[in-house]
């Protein structure tokens with residue numbers, strides 16, 4: 001019988017710290033070719049603006065395959081609705097039987113994206129991170145801060161948004177979770193004060209155009225054609241440009257814009273290659289490093305399987 005789980009059950013089923021390790025292992029498996037992950041299905045809407053992603057696949061030797069559908073409609077908060085929604089379908093790999101429907105409403109996607117950000121920071125951030133900069137005061141901006149503590153140590157966070165109202169809400173929410181958060185509407189303040197910057201917006205034009213030497217940037221927003229948070233020059237000048245998926249990043253990530261501006265595609269390495277040590281990451285204290293995350297189905301597979309295991313113990 002197919003089991004159906006609601007978001008309220010799913011939200012307590014996954015250990016965040018364990019998920020960061022699992023996502024790192026999954027990205028390594030992806031880079032080693034130990035997974036089957038077809039190209040992403042993308043739907044784009046202009047009026048109102050929104051995206052739908054369909055991601056699916058399986059780990060070789062695994063017991064399941066997973067199909068994930070996730071949406072993001074960016075004017076939903078103005079309607080009193082959540083920006084994201086989603087569902088994950090978990091099937092038995094040997095029989096094709098639908099084992100479970102995870103009606104997570106996008107929670108697992110937000111969680112695994114946060115975990116991928118923590119993996120990128122663990123691999124590429126400078127040795128000492130005093131201030132984390134979060135560009136974007138939405139849901140993923142919150143998940144990034146929550147999950148980063150499982151990847152790196154830091155003292156405080158500085159959060160940017162164009163909306164003071166959203167910043168005030170972010171600060172209240174994260175202070176209640178024990179985070180020391182300052183806020184700003186000036187992007188230059190993020191650049192000048194932060195050692196590690198995470199961009200988590202649906203921007204279609206670059207927000208971040210410069211960084212200080214030694215900074216690491218993780219960019220999350222370019223998960224569909226037409227989106228862009230970083231100027232191409234940042235990638236052209238960076239010591240390391242790492243993607244969760246090279247093929248996806250070159251198709252619709254920040255890397256696609258940089259290649260169009262003259263960056264060699266061969267410059268892009270994968271986080272999984274950094275996990276295994278087959279390629280080198282940061283080598284100096286002044287290196288600028290960039291992670292371009294478009295979201296890979298292996299992350300959905302491992303978070304769905306972890307959720308099912310956790311639900312079995314509740």
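The values are calculated or read from the model by the stated rules, or taken from the named source; none is laboratory data. None of the values given here were measured: they were computed from a predicted structure. Using ideal geometry, Cβ is built from the backbone for each residue, glycine included, and neighbour counts are taken over all protein chains shown.
In a strand (DSSP E or B), modelled with pLDDT of 95 or more and crowded, with 17+ Cβ neighbours inside 10 Å - does that describe any residue in region 11-25?
For region 11-25, residues in a strand (DSSP E or B), modelled with pLDDT of 95 or more and crowded, with 17+ Cβ neighbours inside 10 Å: absent.
Starting from region 287-311, take each residue that is under 19 Å from residue 246 (Cβ atoms) and list its partners that are assigned to a loop (DSSP other than H, G, I, E, B) and at pLDDT below 95, counting only C-beta distances under 6 angstrom and pairs at least six apart or across chains.
Matching pairs, first to second residue: 294/223; 295/223.
Would you mind stating whether residue 102 is part of a strand (DSSP E or B) and in contact (Cβ under 8 Å) with a residue 40 or more places away in the chain?
Considered against the rule, which asks whether it is part of a strand (DSSP E or B) and in contact (Cβ under 8 Å) with a residue 40 or more places away in the chain, residue 102 comes out as yes.
Any idea which of 171, 166 is over 22 Å from residue 112 (Cα atoms), free of Cβ contacts under 8 Å to residues at least 24 places away in the same chain and crowded, with 17+ Cβ neighbours inside 10 Å?
Going through 171, 166 in turn, just one is over 22 Å from residue 112 (Cα atoms), free of Cβ contacts under 8 Å to residues at least 24 places away in the same chain and crowded, with 17+ Cβ neighbours inside 10 Å: 171.
Say we look at region 210-230 and pick out the residues that are touching a helix residue (DSSP H, G or I) at 6+ places or on another chain (Cβ under 7 Å) and free of Cβ contacts under 8 Å to residues at least 40 places away in the same chain; which of these is surrounded by the most Cβ atoms within 10 Å (Cβ to Cβ)?
For region 210-230, the residue satisfying everything is 228.
For residue 161, are the conditions met, namely being farther than 16 Å from residue 216 by Cα and out of contact with any strand residue (DSSP E or B) (no Cβ under 6 Å at 6 or more places or on another chain)?
Yes; evaluated as a whole, the condition is true for this residue.
Can you report the number of residues in region 50-66 which are under 21 Å from the mean Cα position of the chain (by Cα) and either surrounded by fewer than 18 Cβ atoms within 10 Å (Cβ to Cβ) or without any contact (Cβ under 8 Å) to a residue 24 or more places away in the chain (or both)?
2
Pick from region 36-49 the residues that are in a strand (DSSP E or B) and free of Cβ contacts under 8 Å to residues at least 12 places away in the same chain: which of them is nearest to the chain's Cα centre (by Cα)?
Among those residues, the one meeting the criterion is 43.
So residue 78 clears everything in (1) within 21 Å of residue 219 (Cβ to Cβ); (2) assigned to a helix (DSSP H, G or I) except one condition, right? Which one?
Against the list (1) within 21 Å of residue 219 (Cβ to Cβ); (2) assigned to a helix (DSSP H, G or I), residue 78 comes up short only on (1).
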